[in-house]
Structure formats: C-alpha cells, structure tokens
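Here is the structure we will look at, set down as structure tokens.
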Amino acid sequence: MPVIQLSLKNLLAWTKRRATEKEILDTLPYLGLDIEGREGEYASVEYSPNRPDFSSEAGIARALLGLLGLESGAPSYNFGQSEFKIDVENDEIRTFRPFVSGLCASIQVTDELIKQLITMQEDLTNGIGRRRSKVAIGIHNADVIKPPIRYYATKDKNFSFVPLYGTKAETINTILSETVQGRQYARLVSSGIYPMLEDSIRNVLSMPPIINGELTRLKPGIRRLFVDVTATEKHAGVGATAIMAAMLSDAGAEVETVLVGDSSGSHSTPDMSEMRMRFDLDLTNRVLGLNLSDQEAKSCLERGRLSLDSGFAVIPAFRMDVIHPIDLVEDVALGYGIHKFAPEKTESSLSGSLHPRGKKLERFIDLMVGFGFVEIYTLSLTSKQVSNLCPDQNLVLHVEDSKSENNEYLKSEILPVLLSVLGSSTHEVYPQGIFEQATVFSKSEKSEAQVLEVEHLGAAIADSAANFSAIKSILEPLIKLASGSDWHVKFEAKSANPEIFADGRVASVSMTKPNAGTIELGLVGEISPSVLETFGLRVPVAGFEIKVEPLISE
Amino acid sequence: MSTSLPLHPLEKKLLVSLAEKVKPGESIDFDKASEYSELSPDQLRRAIEWLKAKNYLSVKEESVPIYSLGNEGLRVAKEGFPERRLVNLLKAKGGNCTFSEIFMAFGNESSIALGKAKDNKWVAAAGHKISLASPEIAKGVEELLVEKIASSGSISESNLLAAEKETLASLTKRYRGLVVSKVEKKQRIELTAAGRGASSTKNVEEIDALTPQVLSTGEWKSKPLRPIDVTSPVPAVFPGKRHPIRLFIQEVREAFVSLGFEEIIGPISQTALWNFDALFIPQQHPSREMQDTFYISGLKADLSNFGEEMNAVSASHENGKGTGSLGWRYNWSEDEASRVVLRTHTTAVTIRYLAEKKPEEARVFTIGRVFRNEKPNFKHSPEFFQIEGVTVGPNLNVRNLIWIISKFYSKLGFNNIKFWPTYFPYTEPSLQTMVYLESAQKWMELGGMGVFRPEVTIPLGVKNSVLAWGLGLDRLVMLRYDVKDVRDLFGANLGWLRHLKTK
C-alpha cells in the first residue's frame, strides 16, 4: 500500500485553522487512511490504492475538509485555455500508447513543491499506472517549450536527445542501456517503438514512459509547469490528468487547458467533467442498515466531496474509485461516520456444524498424543534438502521466485520435515517423539489445478532405543483403532527405496479386507544412517508416513 | 526401638560390616572399609557421604607419609648396597682378596663397603687379606626394606613395622636420596555411637522394590518395604500434546458453530480464477504479482468446467456487464486466470462455495493456511492461518456484520473492538477491525471484512447480500502463548512445545 508523508502544519493551513491537530489526526483513519508513524510535524499515512486522489497532501486535505464539515460537495474546477497544443502525429503511436493529455500550471516552484510533485507522480505511475505500463506522467518547465508539441513514435534507435540529468545528446539505444530509468523501464518499449514528445523546434520533452529530456527539468524558481500524461488506457490517463490538475489547482496554481488533436479533430485536456451516476437510496439503506432520508444521504455524500443532483451523484473526475453505485454507498457510510454504526443482531435458524472430516482427523491426533507424541506444525513450503528425500521427484511441486530457499518446494511427505525438526532439537532430552498431520502436495493431471492434495500423518521417534519394532508397535494399533471394523493391517518387507529408510529395516503398510481388496497406506522403518548424518542426528530414528485419506473416507 | 533414618542398601551394608568388624573407638581407612563392606570404591564413596550426612559415620582426614625410592635407592635396588657387592666380589675370587684389589674395584666406595661389611660381620680382615665370614651371606634388614619398598613402588608409614621404621630412619641418615617421602591425606572412618545403634536396629531384612515375585510369594507380608528418599530428583518425562494452533483453531470452530455456522473446507492450491478473478481483483493488481503471490511453476489449470462462470467474470472485469458497474476496463485474459497459486486468502474457498451452491441463506466458515511470498523473519511467515466466514441473506447489512464480528471476538475473550474503513477490491463497504489488548494496552489489527460487491456476486449467480470477513489467527495464538517469534509456531522449537502450558 502506498504511503504518503503529510505535514500537519500544512493540513492545519488547509483547514484555515478551523480544526485542531487532534481533530485532524482523529479524522484521518475514518477516511480509510492508516497512520503509520509520527515524526515532528509529519505523519506518514498509508492510503488504499483505489484512491489515487490521495496521492498528494492537497488531495487528502480536500477529503479531510469534507469529513470535518468545513467544505462540502464536489469541488468544481474551471480552467482557462493555454496556448499549448499536442498534435498526435502517427499511427504507430495511436496503437502503441494512444492516449495523451496535458495541462499548464502557473505557480512559484519551490523545492517543497518539486518534492511533492515527484512523489505524487511516482505513486500515480506505480499505482494506477502499473509501473508506468498503463500511465506515465512527465512534469516540465513550460517556459522553455515552444508549442505546439508533437506526440509521435519513432522506430529509430539511433535517434538522440539529452536525457534528464545528461550533459550531451545520447541515442535511444544508449539511454535504454545506460540510464537508471532506461534500464528500469526498457521492457515497456521492447517492441522497438519509442514514443516521443517534442516541441515545435524539435526539442525533446520526453520519451514516455521512460525518461524526460534534460531541457525541461524542474528547478526551484520556475514559474510555469507543463504536465504530460500518456496512457495505454483512456480512463486511466484521463483520471491521472484530473488528479494532477486538481492537486495543482488546490495548491494555488493557475491551471490552463491544453488542446490535444489529430487529423480527426481536437479536444481540451484535462477533462474535468464530472461523472453522473444514479444514486440508489434504497440500496444504501439496505446495505448499511440505516434509515437515511434523501436529505441525510445527500449531506453524507457531500461530506465525501460528492454532490447529489436530481437523484444523480455528481462525481469529480479525480474520483477514479467510483465505478458502481455500491461505491456511493461507501461514501455515505464514511460521511455518516463508521464509528456511529451500532451493531444489529442478526438471527438465523441455521444450525452450525463442524466438517465431518475434521472430526475424523481428530481421532488420529488423539491416538498420537495418547502414545506420547508431541504435535508439530510445519510450513507446507520446504527446502530442497528436505524435498530431495521425497520418493517421487517428478511429482514434487516448486513455487516461483520464493524469497527464501527454505520455502521453495511444496512438501509431498511429512517425514523428511520431521527429521529436520529433530535435527534442530538435538539439545533436547531424549527420547523425542513428534508427529504432524498435514496436507501434502503432488502434481496430478486429474485435478483442475493440476495439484493433488492429500492428508498425511507422519511420526518419528528419536532415541537410543528407537528401532523398527518400537515404531511398528505404535503404527499397528494406530491403524487398527482408527480404521473401520474388519480391516486387517499388513506389513511387508520393502527394499530401501525411498532412500530415507535403512535397507532391511523398512516395511510397506497396508490394510486389507476380504472382498474389499488392499489399500496401500505408507511406509514404516528405521531411518538410514546416511540420512541421519545429513540432519546432524546422532541417535537412531524410526518413523512412519501414511496416507490418512483412506482411513477418514472409510 | 530408637527412631532411625531410612537406609539405602549400600548404606546398610557398610554400616553393618563396620559394626561387626571394627571395634568401638577404632577407625579404619578407605581400603579397609572397601574390603570389609565388599563395596566398589564408587559405591563406598556414596555410602560414606550419605552416612556422614546422617551423622552415622565420622570421617577424619589424617596426613600419612608415603615412602618411595629416590634415585640412589633405585640404583641400590638394582645393583645392591656396596657391602653386598663386596661380598659378591669375594665370592668371585674364591673367598679371599687383597685390599688393593678391593680398591681397584670400589674406588671411593671402598672404605664404605669394607666398613659396613665388617660391621655386619660378613667379612674378616687379617693384614692386607680380606676374607668372607661364611660361604653364604643372608640379606640384611636394610636390603629387605629396600626390596619391600621397591616391590610396591611406594609404601605408607602405617604399613611399616616398628623395626622397619628404625631401619628406615638410619638408612635415610646414611644415604641421601635413597628414600623420598611425601605426605598424603587419608580418610579415617569411624562409626559414631548413633551409627552403631542404627546398624543393630536395622538388622531386619527389607524389601527393596515391589516386584511380581515379592507380591506373588507374599514376601511383603513378612518384611517391611524399604523407605526411599522421596525428595530426590527424577528423570524428565514429557507428555504428548496437541499443538497450540490446533487448540486455538478448535476454539474458533466452536465459536462459529455456536453462532450457527457450518464449516467448509477447500484446497490450498487454487487457480488464479478463483483466488483472484472471481473476486473482482483485476489482473494487473499488485497483489497478483510474484512479489506477493506464490505461483506453482509450470502448471496451467484446466478451466474447462468453468466456461459459464468465466464468461460472466471476464465481463464484470472488462465492462461490468450485467452488474451495473463500469468494470476495470481492460482486456481480461484466460491465460492469466489459469495460473495456479497457493491461495493468498481463504476467500478462495468461500467464493467457490457460493458459486457452487448459490445459497439464498447461509452461514459458513473455513480455517486454513494461506500464503504470501514473504521472506520469513520473527514477525512474518510466508504461510499463516486465516479465519474466513461469510453469511448470506436477503437483508444483511453492515451493522449485522459489525454485530457478528463483535460477537465472534467476544466469544474469544475480546470485548473492546473497533472498526475502520479500508479497501478491498471485492467488498464495498470494506472495514478492518482492531481489538484492544488489555495485557499489552494497545490496539491490534486483526482482519478485514465487508459486503461482497455486486461485481463479485452477480456473475456467480448469488442473489442476496453476502457479508464476508478474513481474520488473522496466528497473531492471536502468539498473543495467548506470549510467542515473540512466529517461527516457533512452525516446528523449529521442540523445547518450547514441550514446556508450553497449553491454555
């Protein structure tokens, strides 16, 4: 979730000191903002990615004023027209990155403003811009630009310009391989089509979505900004432009529109026109469990900086989160105040019940605890070392890009994991007896997700006296007691494959019943000395691994 | 019968043997005690310690000189005293020789050898002629003493006869370095009066342990059972026990059942379709990136059974068709939906239940593992448990949701709880809850909830409102058992589990 730093001093100034610092801090959470930390006059708050209009202090102040009751309704923005124009020039750009918009803003640029604009631009292009793939934003010194501006795409990798913070012209090729931004975003132009924004005397403003030109770099003292927004999806580009325009306007800038045109015509940007959506009072009262009148609902919406006009909610262009009437319900809830919602009892004639499978699994837990074993919970994701001990490597599943080598493989057997637990418990008093009941995973084409999930039970005894008969004397009664009547437990000698067990000391275990056939359950035996060595174990270990599936579905 | 303290068999054996073989007032050393009692040195040491503590034995330490041969003594033991070597020379010469011959053989030692041999009356001198007193000369006391010391390496003074002590004294004077001595501390053991008393009263034979034989022969009827020291430490034994997570899950299940909820279960591995798309989470949403989600390598799910659901879901994403929504406005991809993930939330289970049953009314819950691609540390685990629930009904609202969640937490012992607005792509309104921890005096964030969006319910054919929540479990377990490191919950720490007092 994105985090923004707010100056409480600035927020107090936004409220024109009609609210206290405490009121502000108490209200922020009811806008859905989590206060992460406080340091001096600054508070870091986390905002939800569905509210890109919260990517600036001005945007949060706008909402805060509404909830504090200091301002209400949808703010309206009316901008004059600038002399700037963007011409969309060729077909390549119309298919590759079709949407472009712009705005001009006259404002005294300070270090503080530059910092805020850059942070906001990054949050927007990372969030709704999906790391610039969908939306990119360039902010420029307008005074060095000679409009009209050309928006086009080139395929010429040797085309050159001076990139941001560069000292001489570089080719696109060099910029993509040698600048930080180039390397980070080159994947977005891997098709070999390079969007360009140039002014009328062929100075490069920007190669969106990669990097701006050095010419238009922001510096304190600048008096007029030009902002370009390019996008692959129209609504995202329009929304981002509106958010920038509203922020700059609220921050005191005189914002002017920019014409965007091509051979088929032109339109003015930013497009600040409000969306109108039918407001459903019934839905609102039903979902919230309230009984609000039209007027009450209207005032709640207004506190959320929306307006209500003849049954339609008026939604400013920067409110990109509103896509369904249900979103208006939330605005009413916030305007009403979440803390005012009283719990309302809900009766049900339904009777509760536990899943029968859980009850059956509990039988095994009871028995194992009764035999004196300590229950262990381990992660389903294990290391290569543990996973290598699983018998059928072809069926073992691997997850992509795990952040830890201990969590790369899905466990397909429990016993190897138990050995690793025993290996890290060698300082504990012996005898040690542990068990785990867990879901294990293997590849299977039979299931829709291509994964077979089965319930297993694994147990191990580590002790100077641990041997085959010690573990068999647990497993045999366990199966007898947990399985249905008439089943006979059968042990058969097995060669030591999987290699986890010692040769000559391993048996397969199954249950049989006349007319019902034989059901394989698993393996039991003494762990091979070489495996014990791998886990740093110097005491004998005997263990078993069985499927409990056949026993619980019995 | 005087009251006497319970005796261990070792104690008793020593006590009785000493009372029998050592006169009152006399003390013996360790070796003797071992001989009398027939105890091994180790058993004897233990018996002495115990009896001393009971005041049945007194142990005194005394310093005893120990003698052994010095360098000169070792030479003498090997070559003999000079006077003996003189006797040997004379024997070799047929019984007689001259003084000058002795001088040739003995040099500086000549006068010592001759003088001592004369004193011992082993030789006689006549002018320059020296002759043996008799053909065989028996060993002298000095020679016998040196042999005695040499044969045992060292000898305690207490093992020397009075005459030997005198010989030793004169020898030490005559030969420097013949015998060296050092002082050794030795225990002298003596029965106290109480000990002697206890030995006599304890003469009755006792039963050491109840054995099948003792029981079947009726031996227990005629002999008393030996009392034991009930305060002695014993070896550690650890009980089998359930894991704290299981115990807590059980409580949570009971809380839900008491509120009329039915438990459901579902797979851990899920298709992106059910984990994300069906929940209206757009395909480019950051939570779907590998940074956050575990995708299983090389698998592509078979979605052929979900053609109808997929059509409706893709429409809700692309343009909201049929749901009254604008949708997310992008091109939905079936390929992306067929990736296989380890479920990132248990909502994947409840949404499938809803899609399958399309209930008009329901209360279901599920508790299970969920996964996030996180680097494990004391606070974060890539795998944790989630408590998931939904209720479906014709007129359910946000206030009902607040009621259910409050009721649920109060059943788990948390009465102070508050709600904040938050955001999830699949619920609107969305809330998060915090509970107040009396113990830590702070608020803890525990989970999210909300009302499923129409974009979620309508494509799956669910008509009524659905209240849904996903709450954390691990942090509650950690809180209850004061666990500081989440990794302790997952297997790394057997010692912790063994000593854990389950609550």
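The values are calculated or read from the model by the stated rules, or taken from the named source; none is laboratory data. It should be emphasised that the depicted structure is a prediction, and the values quoted were computed from it without experimental measurement. Counting neighbours? That spans all protein chains shown, and the Cβs are built from the backbone with ideal geometry, glycine included. The protein model used for the area step is the full one, side chains on, heavy atoms only, and it has no ligands, DNA or RNA in it. Shrake-Rupley method; radii C 1.70, N 1.55, O 1.52, S 1.80 Å.
Taking into account only those residues within segment B:353-371 that are among the basic types (Lys, Arg) and in contact with a Leu (Cβ under 9 Å, 6 or more places away or on another chain), which is farthest from the other protein chains (Cβ to nearest Cβ)?
Taking segment B:353-371 and keeping what is among the basic types (Lys, Arg), we get B:357-358, B:363, B:369.
Still in the list and also in contact with a Leu (Cβ under 9 Å, 6 or more places away or on another chain): B:358, B:363, B:369.
Details: B:358: 16, B:363: 5, B:369: 6 Å.
Among those that are among the basic types (Lys, Arg) and in contact with a Leu (Cβ under 9 Å, 6 or more places away or on another chain), it is B:358.
How many of the residues making up segment A:342-386 are touching a residue at least 12 places away in the same chain (Cβ under 8 Å) and facing chain B (nearest Cβ under 7 Å)?
15
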Taking the condition of being open to solvent by 40 Å² or more (accessible area, probe 1.4 Å) and either farther than 23 Å from residue B:454 by Cα or within 31 Å of the chain's Cα centre (by Cα) (or both), how many residues in segment A:303-316 meet it? 3
Can you tell me which residues in segment A:403-449 are more than 18 Å from residue B:295 (Cα to Cα), within 10 Å of another protein chain (Cβ to nearest Cβ) and among the small types (Gly, Ala, Ser)? A:420, A:424, A:425, A:433, A:438
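Among A:322, A:329, which is more than 7 Å from every other protein chain (Cβ to nearest Cβ), surrounded by 16 or more Cβ atoms within 10 Å (Cβ to Cβ) and not polar (S, T, N, Q)? Show your work before the answer.
Values: A:329 fails: more than 7 Å from every other protein chain (Cβ to nearest Cβ).
Result of the check over A:322, A:329: A:322.
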Go through segment A:525-554 and give me each residue that's without any contact (Cβ under 8 Å) to a residue 24 or more places away in the chain and in a loop (DSSP other than H, G, I, E, B). A:553
When segment B:467-498 is checked residue by residue, the ones that are within 30 Å of residue B:308 (Cα to Cα) and more than 11 Å from chain A (Cβ to nearest Cβ) are B:468, B:469, B:470
Name the single residue that is farthest from residue A:449 (Cα to Cα) among those in segment A:394-426 being polar (S, T, N, Q) and not in a loop (DSSP other than H, G, I, E, B). A:420
Only one of (1) assigned by TED's automatic domain parsing to the domain that holds residue A:264; (2) open to solvent by 10 Å² or more (accessible area, probe 1.4 Å) fails for residue A:39. Which number is that? (1)
Check residue A:413 against each of (1) open to solvent by 10 Å² or more (accessible area, probe 1.4 Å); (2) in contact with a Ser or Thr (Cβ under 7 Å, 6 or more places away or on another chain) and name the one condition it does not meet. (2)
Which residues, counting only those in segment B:413-423, are more than 9 Å from chain A (Cβ to nearest Cβ) and in contact with a strand residue (DSSP E or B) (Cβ under 9 Å, 6 or more places away or on another chain)? B:414, B:415, B:416, B:417
What helices (runs of 4 or more DSSP H), lying completely within segment B:183-297, carry at least 2 residues that are open to solvent by 50 Å² or more (accessible area, probe 1.4 Å)? B:193-201, B:212-217, B:219-222, B:244-258
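For every residue, the table says whether it meets (1) open to solvent by 50 Å² or more (accessible area, probe 1.4 Å); (2) assigned to a strand (DSSP E or B); (3) not assigned by TED's automatic domain parsing to the domain that holds residue B:146.
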site	(1), (2), (3)
B:58	no, yes, yes
B:61	yes, yes, yes
B:75	yes, no, no
B:78	yes, no, no
B:83	no, no, no
B:88	yes, no, no
B:100	yes, no, no
B:104	yes, no, no
List every residue pair whose Cβ atoms sit under 7 Å apart, with the two residues 6 or more apart in sequence or on different chains, where the first one lies in segment A:52-66 and is in a helix (DSSP H, G or I) and the second, anywhere, is polar (S, T, N, Q). A:57/A:7; A:57/A:10; A:57/A:116; A:64/A:27; A:65/A:15; A:66/A:72
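Do we find a residue being in a strand (DSSP E or B) and either farther than 15 Å from residue B:453 by Cα or open to solvent by 60 Å² or more (accessible area, probe 1.4 Å) (or both) anywhere in segment B:321-339? Please lay out each step first, then the result.
Going through segment B:321-339, the residues in a strand (DSSP E or B) turn out to be B:339.
Checking which are either farther than 15 Å from residue B:453 by Cα or open to solvent by 60 Å² or more (accessible area, probe 1.4 Å) (or both) leaves us with B:339.
Yes.
One line per residue, one yes/no per condition, for (1) open to solvent by 10 Å² or more (accessible area, probe 1.4 Å); (2) of a type in the set (A, V, I, L, M, F, W, C); (3) assigned by TED's automatic domain parsing to the domain that holds residue A:423:
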residue	(1), (2), (3)
A:455	yes, no, yes
A:460	no, yes, yes
A:474	yes, yes, yes
A:491	yes, yes, yes
A:521	no, yes, yes
A:537	yes, yes, yes
A:547	yes, no, yes
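Quick check: is even one residue across segment A:7-26 within 14 Å of chain B (Cβ to nearest Cβ), farther than 15 Å from residue A:250 by Cα and open to solvent by 20 Å² or more (accessible area, probe 1.4 Å)?
Looking only at segment A:7-26, we keep the residues that are within 14 Å of chain B (Cβ to nearest Cβ), and these are A:25-26.
With farther than 15 Å from residue A:250 by Cα added as a condition, the list becomes A:25-26.
Remaining after also requiring open to solvent by 20 Å² or more (accessible area, probe 1.4 Å): A:25-26.
Looking for residues that are within 14 Å of chain B (Cβ to nearest Cβ), farther than 15 Å from residue A:250 by Cα and open to solvent by 20 Å² or more (accessible area, probe 1.4 Å), one finds at least one in segment A:7-26, hence yes.
Which residue is nearest to the chain's Cα centre (by Cα), if the candidates are limited to segment A:284-295 and must be more than 9 Å from chain B (Cβ to nearest Cβ) and open to solvent by less than 40 Å² (accessible area, probe 1.4 Å)?
Quick first cut of segment A:284-295, residues more than 9 Å from chain B (Cβ to nearest Cβ) only: A:284, A:291-295.
Filter once more, keeping what is open to solvent by less than 40 Å² (accessible area, probe 1.4 Å): A:284, A:292.
Values: A:284: 29, A:292: 35 Å.
The qualifying residue nearest to the chain's Cα centre (by Cα) is A:284.
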Being more than 7 Å from chain A (Cβ to nearest Cβ), open to solvent by 50 Å² or more (accessible area, probe 1.4 Å) and either in contact (Cβ under 8 Å) with a residue 60 or more places away in the chain or not in a loop (DSSP other than H, G, I, E, B) (or both) is the filter here; which residues of segment B:301-320 pass it? B:304, B:308, B:311, B:318
Just for helices (runs of 4 or more DSSP H) wholly inside segment A:152-251: which have at least 2 residues that are within 30 Å of residue A:58 (Cβ to Cβ) and open to solvent by 20 Å² or more (accessible area, probe 1.4 Å)? A:180-185, A:234-250
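Could you tell me whether any residue of segment B:29-41 is closer than 22 Å to residue B:207 by Cβ, free of Cβ contacts under 8 Å to residues at least 40 places away in the same chain and exposed (fewer than 14 other Cβ atoms within 10 Å of the Cβ)?
Our first condition is that a residue be closer than 22 Å to residue B:207 by Cβ; within segment B:29-41, this holds for B:37-39.
Filter once more, so that each one left must be free of Cβ contacts under 8 Å to residues at least 40 places away in the same chain: B:37-39.
Next cut, exposed (fewer than 14 other Cβ atoms within 10 Å of the Cβ) only: B:38.
Yes: one or more hits.
Among the listed residues B:502, B:427, which satisfies the condition of being among the polar types (S, T, N, Q), more than 27 Å from residue A:331 (Cβ to Cβ) and touching a Lys or Arg at 6+ places or on another chain (Cβ under 7 Å)? Outline the logic, then answer.
Working: B:427 fails: more than 27 Å from residue A:331 (Cβ to Cβ).
Result: B:502 is the single residue among B:502, B:427 that is among the polar types (S, T, N, Q), more than 27 Å from residue A:331 (Cβ to Cβ) and touching a Lys or Arg at 6+ places or on another chain (Cβ under 7 Å).
Quick check: is even one residue across segment A:391-402 without any contact (Cβ under 8 Å) to a residue 12 or more places away in the chain, open to solvent by less than 30 Å² (accessible area, probe 1.4 Å) and at the interface with chain B (Cβ under 10 Å from one of its Cβ atoms)?
No, there is no match, as no residue in segment A:391-402 is without any contact (Cβ under 8 Å) to a residue 12 or more places away in the chain, open to solvent by less than 30 Å² (accessible area, probe 1.4 Å) and at the interface with chain B (Cβ under 10 Å from one of its Cβ atoms).
Confirm whether residue B:435 is more than 30 Å from residue A:406 (Cα to Cα), more than 10 Å from every other protein chain (Cβ to nearest Cβ), open to solvent by less than 10 Å² (accessible area, probe 1.4 Å) and in contact (Cβ under 8 Å) with a residue 60 or more places away in the chain. Lay out the reasoning, then the answer.
Values: more than 30 Å from residue A:406 (Cα to Cα): yes; more than 10 Å from every other protein chain (Cβ to nearest Cβ): yes; open to solvent by less than 10 Å² (accessible area, probe 1.4 Å): yes; in contact (Cβ under 8 Å) with a residue 60 or more places away in the chain: no.
For residue B:435, the condition - more than 30 Å from residue A:406 (Cα to Cα), more than 10 Å from every other protein chain (Cβ to nearest Cβ), open to solvent by less than 10 Å² (accessible area, probe 1.4 Å) and in contact (Cβ under 8 Å) with a residue 60 or more places away in the chain - is not met.
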Of the residues in segment A:87-103, those that are within 15 Å of residue A:225 (Cβ to Cβ) and in contact with a Gly (Cβ under 7 Å, 6 or more places away or on another chain) come to A:101
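For segment A:505-519, name all the residues that are open to solvent by less than 70 Å² (accessible area, probe 1.4 Å) and in a strand (DSSP E or B). It would help to see each step written out before you state the result.
Looking only at segment A:505-519, we keep the residues that are open to solvent by less than 70 Å² (accessible area, probe 1.4 Å), and these are A:506-513, A:516-517, A:519.
A:506, A:507, A:508, A:509, A:510, A:511, A:512, A:513, A:517, A:519 - these are the residues of segment A:505-519 that are open to solvent by less than 70 Å² (accessible area, probe 1.4 Å) and in a strand (DSSP E or B).
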